[in-house]
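The values are calculated or read from the model by the stated rules, or taken from the named source; none is laboratory data. A quick note: this is a predicted structure, and the numbers were derived from the prediction, not measured. Positions of Cβ are generated from backbone atoms using ideal geometry, with glycine treated the same way; all protein chains shown enter the neighbour counts. Remember, those area values only see protein heavy atoms, side chains included, never the ligands or the DNA or RNA. Shrake-Rupley method; radii C 1.70, N 1.55, O 1.52, S 1.80 Å.
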Amino acid sequence: MTESPRRVPATRVGATPAGRRQLRRALSSAAVDLFTANGYETTTVDEIAAAAGVGRRTFFRYFDTKDDVLFANHDEIVTEMEQAFENADPARDPVEVACETVSLVLDYYAADLDVSLKRFTLTRTVPSLRDKEVATVDRYQRVLARYLQGRFAERGDVMASLRAAVAAAAIAAANNHVLRRWLRSGGKDDIAASAARAFALVGEAFRPAKVDGETTVVAVLSTATPLPDVMARLSAAFPESDT
């Protein structure tokens, strides 16, 4: 008697990181379609789960509320941003790195125009979703500020915390401006070109001022410092050229 081949258990969709991302996106896509067709208030979690081919319990393993499902990819974006900052070349301008990294948000929106446009409409008409969107933008901004503060502090900037907060707010504002303009155009605007212009403006605003042929040195000395010591320190700050 021939033995039947042993069956290999099927892997559940959510059993791997890629599978979990796929399921989160399926739930999000189903929710967007249902919210758009039937209204946000009348759509239930059970309906969203059924449309995605899963049960209610599976939905709540991924999301706490209906509000969360509309922004399913934002955790992924934050994780990618943090990884990009961790791997960034420390020799690069931190504001330039931050602008480049926050563009991940634009990339995610541009990758699925239909869902992005429907989500944009929903966030303009449903107050709780608008509040959730504001919270996600704030989260991006805090990630930007942490990175910038660390880099500014490494450079000895005594105002690192304030400068980072202001720069992060400017970068987030530029990103939101580009994104909303693109969404209002129905995805027809050149999002890459708009982003390049917006981030160039931010970079220019935070670029350290330079004066051709001049170097500014700030010396902090006690009024009791002897003149010879003052001259010695100034000489050390301005070494004579060998040419």
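Summing +1 for each Lys or Arg and -1 for each Asp or Glu among the other residues whose beta-carbon sits under 13 angstrom from that of Pro90 gives -2. When the alpha carbon coordinates of the stretch 112-186 are projected onto the principal axes, the ranges are 45, 24, 17 Å, largest first. Per residue, the stretch 77-130 exposes 48 Å² of accessible surface when a 1.4 Å probe is rolled over the protein heavy atoms with every protein chain present. Its convex hull of Cα atoms gives the stretch 44-97 a direction-averaged projected area, equal to a quarter of the hull surface, of 5.0 nm². Backbone geometry of the stretch 155-163 corresponds, through the Karplus equation with coefficients 6.51, -1.76 and 1.60 at θ = phi - 60°, to 3J(HN,Hα) couplings of 8, x, 6, 6, 10, 4, 5, 5, 4 Hz, x marking Gly and Pro.
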